[in-house]
Amino acid sequence: DIETVVLDHGFSSPLTDHTGEPFRLIEQAVMETFPGVKTSPYVMTGASDSRFLSRVCDNCIRFAPIYINGQQYGSIHALNEKRVEVFYQPIFSVKEKKFTSAEALVRIRDEKGELVSPAEFIEVAEAKGLIIRLGEEVFRLVCKFIKENKLTEYGIEYVEINLSMIQCAYENLATEFIQIMKEYEIDPKTIVLEITESASIYEKKVLLQNMKALMNEGVRFALDDFGTGYSSLNHIREMPIDVIKIDRCFVEHVGEDDFSDAFVRMVAELASSIGVTVCVEGVENKSQLEMIREMKIRLLQGYLFGRPMKIEDFEKKYL
Ligand code: C2E
Ligand code: CA
Ligand code: CA
């Protein structure tokens, strides 16, 4: 469905494309913003700053404050105003008895300064073609965090960053990420990218190319939410995966139902025999911890160990 495009005429200068040529938005044109995903042109209205305008043609979604059907689109606005934040949740290593990594989790602050959860905007950002830009901003913020804190000196060996399926299928992902790591002088070994099983099916060829290019630099990969999707163990065979993250729905029921118990046990056994690290997500209480303690699990993550927290709190507590 093509959304109605509302063009505001309040600009002081004409719209130009990336070459400086005057540019006119064609009503109901459809542009391919990234492979396989087409969006109707989003029109900037009310932009007081004409710097944004020149980017319209380059990529119609980038940097532009966006109005859809007359309503300002929140997350891109937040991107422009630097209201995107990254929270960090510590991950505990059973073997080393300390925190050895953290997961980066994106947040947006609304105009009132209240936090908006990714559950509310990731899907929308994906659907509207904003996730590439958002994902890049998250990646940048994490690189900045790593650079400014010398994490490894504090025993935090790497930070995990979530990738949307659409990012995985984006042909320039590896090139852009490698460029950003260079810019921030980040050791790629301090980055683990989390992909989901569905991403490993969708546009598999592009994903594998991206993975290969990033792995050549030293970036590693984790399979997120394991057990919720297709859970074909073939993914682990075919993909160069370093960490499997067992979805929190399993730990929720561990000790209560045989399936969850057996599943966690089985994945842990398999992973340990092929040299893949297992992380159990969503550990909330001691009894869950007791249950999984004797399984071959290396990494634990959940509210019991620490909630996702803003940088300052993470620094105070763990660095
Ligand atoms: P996820 O990747 O599975 O991340 C773990 C989620 O579980 C986080 O929710 C975290 O706060 C929550 N969690 C951690 N420990 C516990 C626990 O003990 N109990 C319970 N009930 N929950 C726990 P959050 O931060 O709201 O993120 C939700 C989802 O949004 C993430 O799920 C991920 O799929 C997505 N997301 C977050 N940040 C990003 C990002 O930068 N990019 C993309 N593409 N997706 C992201
Ligand atoms: Ca994750
Ligand atoms: Ca997860």
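Summing charges over all other residues whose Cβ lies under 15 Å from the Cβ of Thr277, with Lys and Arg as +1 and Asp and Glu as -1, gives -3. Close amide H contacts of Lys98 (hydrogens built in the peptide plane, cut-off under 5 Å, sequence separation of 5 or more or a different chain): Ser93.
Taken over the range 184-319, the convex hull of the Cα atoms encloses 128 Å³ per residue. Applying 1/(1 + (r/R0)^6) with r as the Cβ-Cβ distance of Glu123 and Tyr303 and R0 = 22 angstrom yields a FRET efficiency of 0.40.
Simple spin-label estimate for Asp242 and Lys189 gives 0.9 nm between the two label positions (7 Å along the Cα-to-Cβ direction from each Cα). Residues whose amide H comes within less than 5 Å of that of Asn162, counting only those at least five positions distant or on another chain, are Ala104, Glu194 (H built at 1.01 Å from N in the peptide plane).
Evaluate the Debye formula for the range 160-226 with equal point scatterers sitting on the alpha carbons, no solvent, and hand back log10 of I(q)/I(0) at q = 0.27 Å⁻¹, in q order, two decimals. The Cα Debye sum returns log10 ratios of -1.27. If the chain linking Asn234 and Cys249 were pulled fully straight, counting 0.36 nm for each residue of separation and taking away their Cα-Cα distance, it would gain 3.2 nm. Within the shell of other residues whose beta carbon sits under 15 angstrom from the beta carbon of Lys95, the net charge comes to +2, with Lys and Arg scored +1 and Asp and Glu -1.
The modelled label-to-label distance for the pair Lys317/Glu137, using points 7 Å beyond Cα in the direction of Cβ, is 2.5 nm.
Working note: Karplus 6.51/-1.76/1.60 with θ = phi - 60° gives the range 175-182 the couplings 4, 5, 5, 5, 4, 5, 4, 5 Hz, where Gly and Pro are set to x. Each 5 Å bin from zero holds the following percent of Cα-Cα pairs in the range 84-125: 5, 21, 20, 18, 11, 11, 9, 4, 1. Per the Kirkwood formula applied to alpha carbons, the range 127-179 shows a radius of gyration over Rh ratio, Rg over Rh, of 1.04. How high is the FRET efficiency from Glu294 to Glu111, r the C-beta distance, R0 35 Å, rounded to 0.05? Using R0 = 35 Å, I get an efficiency of 0.10. For Ile244, the residues whose modelled amide H falls within less than 5 Å of its own, excluding neighbours fewer than 5 places apart on the same chain, are Leu223, Thr277, Val278, Cys279. Using θ = phi - 60° in the Karplus curve 6.51 cos²θ - 1.76 cosθ + 1.60, the 3J(HN,Hα) couplings for the range 84-97 round to 7, 10, 10, 9, 10, 10, x, 10, 9, 9, 5, 5, 8, 6 Hz; x is entered for Gly and Pro. Taking Rh as the Kirkwood radius computed over C-alpha pairs, what is the Stokes-Einstein D of the range 91-166 at 25 °C in a medium of viscosity 0.890 mPa s, expressed in µm² per second? Once the numbers are plugged in, D ends up at 174 µm²/s.
The listed peptides 284-297, 180-193, ordered by packing as a protection proxy, come out as 180-193, 284-297 (highest mean of other Cβ atoms within 10 Å first). Ranked by the mean number of other Cβ atoms within 10 Å per residue, highest first, peptides 305-318, 84-97, 240-253 order as 240-253, 84-97, 305-318. Across the range 150-161, computed HN-Hα scalar couplings (Karplus, 6.51 cos²θ - 1.76 cosθ + 1.60, θ = phi - 60°) run 6, 3, 4, 5, 9, x, 8, 7, 7, 10, 8, 10 Hz from first to last residue, x flagging Gly and Pro.
Ligands, DNA and RNA left out, the accessible area of the range 175-319 computed with a 1.4 Å probe is 49% carbon and sulfur.
The values are calculated or read from the model by the stated rules, or taken from the named source; none is laboratory data. Here the structure is a predicted model, which is why all the values come from computation and not from measurement. Because the Cβ atoms are built from the backbone with ideal geometry, glycine has one as well, and the counts that use them run over all protein chains shown. Heavy atoms of the whole protein, side chains included, go into the accessibility calculation; ligands, DNA and RNA do not. Shrake-Rupley method; radii C 1.70, N 1.55, O 1.52, S 1.80 Å.
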